[in-house]
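All remarks here apply to the structure that follows.
The values are calculated or read from the model by the stated rules, or taken from the named source; none is laboratory data. In this text the structure is predicted, and so the values were computed from the model without any measurement. Using ideal geometry, Cβ is built from the backbone for each residue, glycine included, and neighbour counts are taken over all protein chains shown. For the accessible areas, the whole protein counts, side chains as well, though only heavy atoms, and no ligand, DNA or RNA atoms are used. Shrake-Rupley method; radii C 1.70, N 1.55, O 1.52, S 1.80 Å.
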Amino acid sequence: SDPDIAKWFPEIVNTEVVVDWDSKDRKIYDMLTKDALQHGFDEENPLALITVLQMLCDAPTIIQNSAARFEAYEDSVESWDGFGKAPPRSGSEIAAELVSRLEQDLNNDTHTKFQALKELLDRHSNEKVVVFSSLKTGLMPVLKERFEKWGVSYVEYDGTDQQKQEAQDTFMSDPDIRVFLSSDQGSDSLDLYEASVVINYDLPWNW
């Protein structure tokens, strides 16, 4: 807002992209919501329920992945002999409950949010783009899979400090790398002046 500082920066253009549901995904969302209300998940742990529904909005298969991680966690707790460290909790119990009631597997092929992301990347095909998501564990592997399927070159800001620095340096110096993929780890104190577009695939609570 300071005019003396603002004159050194390009104009920021904020664009909200409204993504309508695919009818199949919408049907599943409505069914899960109704199911969650019937079983009292909204009262027991409303934030966990919101997170699970956000997973469906971002990429349907991450609900299944979260459910599978929770089931693996439960199995490891059952076989734990009580010595040493307890198995680390992983996945979502609510996701496991809801997935157990689904009549079919979820997939990402008709997910309209991915279609919108692809359209944005195509529209800015000659620019460097930062793609940001707050859902690191579940969503990052799915986004990387999409980029590889679409032939979009990327680096991921993840791993050790050295690996993250290498990802940043590569994105800035290699003209063939189009996307800088980041979770909350890259939400602060990064100077990515080569990028002219930021796509917030989703936003954290405190964005």
FRET efficiency, CYS57 to SER1 (Cβ-Cβ, R0 25 Å, nearest 0.05): 0.20
Pairwise FRET efficiency - SER23 versus GLU145, Cβ, R0 = 25 Å, nearest 0.05: 0.60
Carbon and sulfur %, accessible surface of region 148-207 computed with the full protein complex present, 1.4 Å: 44 percent
Loop trypsin sites (Lys or Arg not before Pro), region 91-164 (other Cβ atoms within 10 Å of the site Cβ: 13 or fewer; DSSP): ARG101
Helix-only [θ]222 nm of the chain, DSSP H runs n ≥ 4, -39500 (n - 2.57) each, per residue, nearest 500: -15000 deg cm²/dmol
Translational D in µm²/s for the chain (Stokes-Einstein at 4 °C, 1.567 mPa s, Kirkwood Rh from C-alpha pairs): 67 µm²/s
Note, ³J(HN,Hα) from phi for region 116-131, Karplus 6.51, -1.76, 1.60, rounded to Hz, x at Gly and Pro: 5, 4, 4, 5, 5, 5, 5, 5, 10, 5, 9, 10, 7, 10, 9, 10
Equivalent-ellipsoid semi-axes of region 110-207, from the Cα gyration tensor, Å, largest first: 19, 17, 13
Under-5 Å amide H pairs with VAL131, H placed in peptide plane, nonlocal only: PHE180, LEU181, SER182, ILE199
Contour minus Cα-Cα distance for ASP30 and GLU16 (0.36 nm per residue): 2.7 nm
Largest-first principal axis extents of the Cα set of region 25-71 (Å): 24, 24, 16
Per-selection Kirkwood Rh - region 27-107 (Cα, Å, 1 d.p.): 13.3 Å
Under-5 Å amide H pairs with ASP22, H placed in peptide plane, nonlocal only: THR112
R0 of 35 Å, Cβ-Cβ distance GLU78-GLU119: FRET efficiency to nearest 0.05: 0.15
